[in-house]
Amino acid sequence: MSSSDDQIMQAEHRFGVRFPADYRYFLATEGSLGRFVPPADDFIMINSIEELIDVNEVGDFQERFPKSVVIGGDGSREMLTYDFRQEPPPLVLLDVSAQDWSSAIHQAASLSSLLEQFPETGWRWDDPEPSLTTAR
C-alpha cells in the first residue's frame, strides 16, 4: 500500500528530516518492499511509512545513532538506515547490536542507486567507510 503525502510529511516532522525525493516517491508509489532479489539472491525489505516510528524506537536506535532513520533491512539483524548527518544522506547497514556509527557499512548514495545495483551486488559487507564513522 502506498503512502499519502500527509503520512510522509508526518514522518518527516517526527524525525526532523526531509526524506530524499526518490524515497518519498517510493513511499508514495510502492509503499513497502520485501523479497528475495535474484541473481544476488539477497533479501531486501523496505518498511511501510506506518512501520517507521516503531522500527526506529526499538533498541534505543535514535540514541545510539543520532540523525538516523531506519527504513528497512535484510529481514534479520541488519538495518537499512539513512545517515542524516550528511547531505544528501547515504544509506548504510547497521547491525541491531551496534553501539555507534563506527559499524556503519555504506550501501549506496540513494535509494534509487541501491535498488538499481541490488540485483547484481546484493548487500555490501565491506569495511565501513571512514567518512561514515566520523561524528559530525
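Roughly how big is the stretch 5-119's charge dipole about its Cα centre, with Cβ charges of +1 (Lys, Arg) and -1 (Asp, Glu), in debye to the nearest 20?
So the magnitude is around 220 debye.
Step through the residues of the stretch 75-86 one at a time and calculate ³J(HN,Hα) from phi using the Karplus curve (6.51 cos²θ - 1.76 cosθ + 1.60, θ = phi - 60°), rounding each to whole Hz and writing x for Gly and Pro.
x, 9, 8, 8, 10, 7, 9, 7, 9, 7, 6, 10
Working out 0.36 nm times the residue gap between ARG85 and LEU33, then minus their Cα-Cα distance, what length gain in nm do you get to one decimal?
So the extension gain works out to 16.2 nm.
Using the Kirkwood radius over Cα pairs, work out the Stokes-Einstein diffusion coefficient for the stretch 5-119 at 20 °C and 1.002 mPa s, in µm²/s as a whole number.
On the way: Rh = 14.2 Å.
For the chosen part, D equals 151 µm²/s.
Rounded, prolate or oblate for the stretch 59-108? Axes are the square roots of the Cα gyration tensor eigenvalues, ordered a ≥ b ≥ c, and the cut-off for rounded is a/c under 1.5.
Oblate is the answer for the stretch 59-108, as a/c is 1.5 or above yet b/c matches or exceeds a/b.
ALA108's amide H: which non-local residues (gap 5+, or another chain) put their own amide H closer than 5 Å, with H modeled 1.01 Å from N in plane and none for Pro or chain starts?
Answer set, sorted by chain and number: LEU91.
As a test of the formula, what do you get for the chain when each DSSP H run with n ≥ 4 contributes -39,500 (n - 2.57) and the sum is divided by the residue count, at 222 nm and rounded to the nearest 500 deg cm²/dmol? All intermediate terms of the calculation are to be shown ahead of the outcome.
Numbers: 6 runs with 48 residues, N = 136.
Helices in the chain give a 222 nm mean residue ellipticity of -9500 deg cm²/dmol.
Based on the mean of other beta carbon atoms within 10 Å per residue, what is the order of 22-31, 64-73, most packed first?
Answer by packing, highest mean first, reads 64-73, 22-31.
Laboratory data are not the source of any read-out in this text; all were calculated from the coordinates shown. Bear in mind that the values here come from a model prediction, so they are computed numbers and not experimental data. When we count neighbours, we look across all protein chains shown, and the Cβ atoms used for this are built from the backbone with ideal geometry, even at glycine.
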